[in-house]
Amino acid sequence: MLAEMAEAEAEVNAASVNPSGILRVTSSVSFAMMHIAPALPEFNRRYPNLSVQVSTANRYPGFIEAGIDVAIRTREHEGDSGITIRRLAEMRRVLAASPAYLAANGQPKGPAELQGHRLLVYNLANDPYVLHLKRRKEQLTVPITSVLDANEGQVIRAAALAGLGILIQPQYIVHDDIVAGRLVPVLKDWDLPHLTINIAYQSRRHQPAKIRVFIEFLVERFAKLDLEKKWAAWGR
């Protein structure tokens, strides 16, 4: 009996160290493209017996959908929905445009001037056609109209890079473009409400090893790349 118990314990420990099966992850298209897919080679090297199935969606229900192990969600606030939330990073949302657009149309000198510009709007944001701006103790609410709205950040980013107008996007999507000079922030002294990237998963007393190792891997990667610090800054 002792030998059988030791063998069973060894099997459990092995499964914890080297989990197998399918890990089902959902996130926005942008996050999957920019921050899950590039991380998968390293994750696969660590856990070769795990395969990852990624399902992209830009709307986040208040629950974890059936068959999903881990959901990556970007929100201003995360409600209490009976699921476990682990924060990955907080970041700015920025207004930015291409150098060509700004050369042709000028830099807005204040929030009121945004109404004279072409704006590119993510239509799944909270109040997508109203900007809630803050500068120290000053707060403004600015209604806007769009020359383009879309439910996918990559469409908005591509249009901004092509010179269509000023986008409103989180730093995790446009940080590299700002660093490279492909996009230029505008109204840098004004802040939009920040966003938080969270990992959400079912609350369980004993989490499956595949979920635990993926969460630990993402947290470690974000810390190693210092992404929260980068996304809280202006990038230049």
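The values are calculated or read from the model by the stated rules, or taken from the named source; none is laboratory data. Being a predicted model, the structure only gives us computed values, none of them experimental. For neighbour counting, all protein chains shown are included, and Cβ atoms are generated from backbone atoms with ideal geometry for every residue, glycine included.
Descriptive notes on the structure:
- Within the stretch 23-67, considering residues that are within 18 Å of the chain's Cα centre (by Cα) and among the β-branched types (V, I, T), the one modelled with the lowest pLDDT: I64
- Restricting attention to the stretch 113-146, the residues that are closer than 18 Å to Q171 by Cβ and of a type in the set (K, R) total 1.
- The stretch 129-150, residues that are surrounded by fewer than 13 Cβ atoms within 10 Å (Cβ to Cβ) and either assigned by TED's automatic domain parsing to the domain that holds M34 or in contact with a helix residue (DSSP H, G or I) (Cβ under 6 Å, 6 or more places away or on another chain) (or both): none
- When every residue of the stretch 11-18 is checked against the conditions, none turns out to be loosely packed, with under 13 Cβ neighbours inside 10 Å, outside the structural domain of D176 (by TED's automatic domain parsing) and at pLDDT 70 or above.
- Matching residues in the stretch 97-111 - criterion: being farther than 14 Å from G163 by Cβ and among the small types (G, A, S): G110
- The combined condition, being surrounded by 20 or more Cβ atoms within 10 Å (Cβ to Cβ) and in contact with a Pro (Cβ under 9 Å, 6 or more places away or on another chain), is fulfilled by G153.
- Condition met for I211 (in a strand (DSSP E or B) and either basic (K, R) or closer than 21 Å to A39 by Cβ (or both)): no
- Filtered by the rule that a residue be within 19 Å of M33 (Cα to Cα) and over 19 Å from the mean Cα position of the chain (by Cα), the stretch 161-179 gives a lone residue, L161.
- Test: L167 is surrounded by 14 or more Cβ atoms within 10 Å (Cβ to Cβ) and outside any helix (DSSP H, G or I): yes
- Restricted to the stretch 39-70, and to residues there that are among the β-branched types (V, I, T) and more than 16 Å from S20 (Cβ to Cβ), the residue that is surrounded by the most Cβ atoms within 10 Å (Cβ to Cβ) is V70.
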